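Contents: one structure, followed by commentary.
Derivation of every value follows stated rules applied to the coordinates shown; laboratory data play no part. In this text, all values refer to a predicted model and were calculated from it rather than measured experimentally. Neighbour counts run over all protein chains shown; Cβ positions are idealised from the backbone, glycine included.
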Amino acid sequence: MPPPSPVVCSGPDGGNGCILRNSYGAWNDRLDCRVQNVTYPSIEEEVRSAVAYAARHRLNVKVVSKFSHTIPKLACPGRAGSAGSFLISTANYASGIDIDVTSLVVTADAGVPLRELIDRVEGQGLSLVAVPYWEGVSVAGLISTGAHGSSWWGKGGAVHDHVVGISLVVPAKESEGFAKVIRIEAQDQLLNAARVSLGMLGVISKVKFSLEKGFKRSITYDFTDDARIEEIYTDHAMKYEFADITWYPSKHTAVYRNDNRVPLNTSGDGLYDFLGFQSNSVVVSKSVRATEKLLENARNVDGKCALASTTVEYKKLIANGLRNGLIFTGYPVIGRQGKMQTSGSCLYSAPSRTDLTCAWDPRIDGLFFYESTAIFPAQRFADFVRDVKKHRDMNPKNFCGVDIYNGFLVRFIKASKAYLGQSEDSVVVDFNYYRADDPSTPRLNQDVWEEVEQMAFFKHGAKPHWAKNRNLAFLNVRNKYPNFGKFMAAKKLLDPQNLFSSEWSDDILFRNEAAKGDGCALEGQCICSEDRHCSPAKGYLCKAGLVYQEARVCRYTQSSMA
């Protein structure tokens, strides 16, 4: 059962408006994104006409792909309750892939799915060097939000740093037909604005990527003790071209991915089919979610730890989804770059098998989680790890909730010239954790994850990944980017009427302190400063952090229930 369309319209031809959702079925604020209309261009001229229509009628406009994997509401146009909003979907603008074997570049339409691009490139004996681990994205969507793999080598692990050209459709004067296409090449300073644009400069119509001659990769996962992560992460990143580390803090376990390229004639035809992105039985996904809900409601930490232990041991047994052939038979696993760098097999479930989906499919009451992603200056990551270890060592069981998912996934991004990219070599940490069905329901060990989150973004100066995170992670984010002013100057040049701005993109870029109300801290809409921002009726009060004492977190306090 392939994922549902993110856009649902009512009435004939969508005449009664449309609702845009992300692939998880819920935005950070849990409120619907309503739009007046949506259009599905299939060629660049139709994209230009759509932008012209929006410019002529002064409509706020945003772009969405067929996937809609952004967690913040960046793809939502207009203002809350506004009728003057217009959505452009690139779902049908996905046929153009032009490979120049001589110049080692490929130019693709904005809506081309990443997997299709990879397969076409590999078919010509070439390889894309950097892509994200999840392939359910479009080529324009992945660069707009700073998607990345992992590498400090060469041009690095961020996909946008392998972009050598972008075509952008922007508003124009009436004499120019209200919209025009501009071609931005490698030598143009505007490319540094357009590479990571958050959809705020115009509509990306085509993206040109640099390529390399085809190669294979050799991967070995080393499951070991986590004692020295904070000392050896830089050595690991410099030794292996595509290194990463998965840290399971409750298990005191670190998994080092030893991953380098090898020549194309090296024996091996392996692939990476990451466990979390495989097709799952609907029954299994529902039962896993039901189990976690029961453990949460019963405040059963031991049960969560048992589930975490089973998860980590199973991942070790199957090498996290690596396969030498039909199954995993041993390390190293060697395969073509296009088969080893990214995965997402649940996207392609056969339509006849409606019992299989992606585990988080919102139609099935499956997995439902937060994803926080913090991007640290490389030298500051060690202190973050030390603080997390201090917290973990107080009670390792409190960290089992994250180990049920992917623990802390640690990746590496090289310094970038993109204005909204990373200005220095960086370490990226992703962690997923339980999200309640009801926004007013507190979570088991809620204070732990709030403290880790605040520790990352406010004590250790991490930047948030643009397409992930809860809203509080974006507080004062503009001050963390030295070239933010240059990006805004480019926006003023290309979109002087702010057609590509919205209430939600402005909130992310310019947020200082969020408005606070009852329960606002439960879902990361604010940082608590009073008990009412948590859930005092359910025993959750606003308290100081245990390691980072400047943090303010919602902690369960039994005495408050007396």
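Taking Cα centre as origin and charging only the Cβ of basic (Lys, Arg, +1) and acidic (Asp, Glu, -1) residues, the dipole magnitude of the chain rounds to 320 debye. Taking other residues whose beta carbon is less than 12 angstrom from the beta carbon of Arg228, and scoring Lys, Arg as +1 and Asp, Glu as -1, yields -3.
With the largest listed first and rounded to whole Å, the semi-axes of the equivalent ellipsoid of the stretch 216-474 from the Cα gyration tensor are 27, 26, 18.
Sparse packing (at most 16 other Cβ atoms within 10 Å of the Cβ) combined with a DSSP loop state is found for the following GluC sites (Glu not before Pro) in the stretch 413-478: Glu424. Which net charge results for the neighbourhood of Asp98, defined as the other residues with beta-carbon distances under 10 angstrom from its beta-carbon, given Lys and Arg at +1 and Asp and Glu at -1? Local net charge: +1.
Straight-line cross-link reach from Lys73 at under 13 Å between alpha-carbon atoms covers these aspartates and glutamates, not counting any fewer than eight positions away in the same chain: Asp29, Asp32, Glu503, Asp506, Asp507. In this structure, the residue pairs whose Cα-Cα separation is over 23 Å, taken from Lys180/Lys417; Lys389/Lys414; Lys286/Lys389; Lys463/Lys486; Lys208/Lys463, are Lys180/Lys417; Lys389/Lys414; Lys286/Lys389; Lys208/Lys463. In the chain, taking the dipole from charged Cβ atoms about the Cα centre, the farthest positive-side position among Gly276, Ile334, Gly321 is held by Gly276.
The stretch 283-304 and the stretch 154-221 have Cα centres spaced 43 Å apart. Using only side-chain charges placed at the Cβ, +1 for Lys and Arg and -1 for Asp and Glu, the dipole size of the stretch 97-214 relative to its Cα centre rounds to 160 debye.
Other residues lying with their Cβ under 10 Å from the Cβ of Val7 contribute a combined charge of +2, Lys and Arg counting +1, Asp and Glu -1. Along its three principal directions, the equivalent ellipsoid of the stretch 97-214 from the Cα gyration tensor extends over semi-axes of 25, 15, 13 Å, largest first. Applying both filters, DSSP loop and at most 16 other Cβ atoms within 10 Å, to the trypsin sites (Lys or Arg not before Pro) of the stretch 453-562 gives Arg511, Lys516.
Take each peptide in 427-433, 151-157, count the other Cβ atoms within 10 Å of every residue, and average; sorted highest first, the result is 427-433, 151-157. With the simple model of a label 7 Å out from the Cα in the direction of the Cβ, Leu264 to Val8 spans 4.6 nm. Fully extended, how many nm does the chain gain between Glu513 and Ser281 (0.36 nm per residue separation, minus their Cα-Cα distance)? The Glu513-Ser281 span can extend by a further 79.3 nm. Once the Cα-Cα distance is subtracted from the 0.36 nm per residue extended length, the Glu45 to Ser440 segment shows a gain of 137.6 nm. In percent, rounded to a whole number, the relative contact order of the stretch 216-474 is 25, using alpha-carbon pairs under 8 Å and six or more apart. Simple rule: put +1 on each Lys or Arg Cβ and -1 on each Asp or Glu Cβ in the chain, find the dipole, and look at Ser416, Asn60, Val131; the Cα lying farthest toward the positive end is Asn60.
Go through Gln558, Ser49, Ile364 and say which Cα lies farthest out towards the positive end of the charge dipole of the chain; charges sit on Cβ, +1 for Lys and Arg, -1 for Asp and Glu. My answer, from the dipole projection, is Ser49.
With the highest mean first, a sort of the peptides 237-245, 225-233 on other beta-carbon atoms found within 10 angstrom per residue produces 237-245, 225-233. For the stretch 58-124, the Cβ-based charge dipole about the Cα centre amounts to some 620 debye (Lys, Arg positive; Asp, Glu negative; other atoms uncharged).
How much of the pair distance distribution for the chain lies past 42 Å, counting alpha-carbon pairs only, in percent?
Cα-Cα pairs in the chain separated by more than 42 Å: 17 percent.
In the chain, the calculated helix contribution to ellipticity at 222 nm averages -6500 deg cm²/dmol per residue, counting -39,500 (n - 2.57) for every DSSP H run with n ≥ 4.
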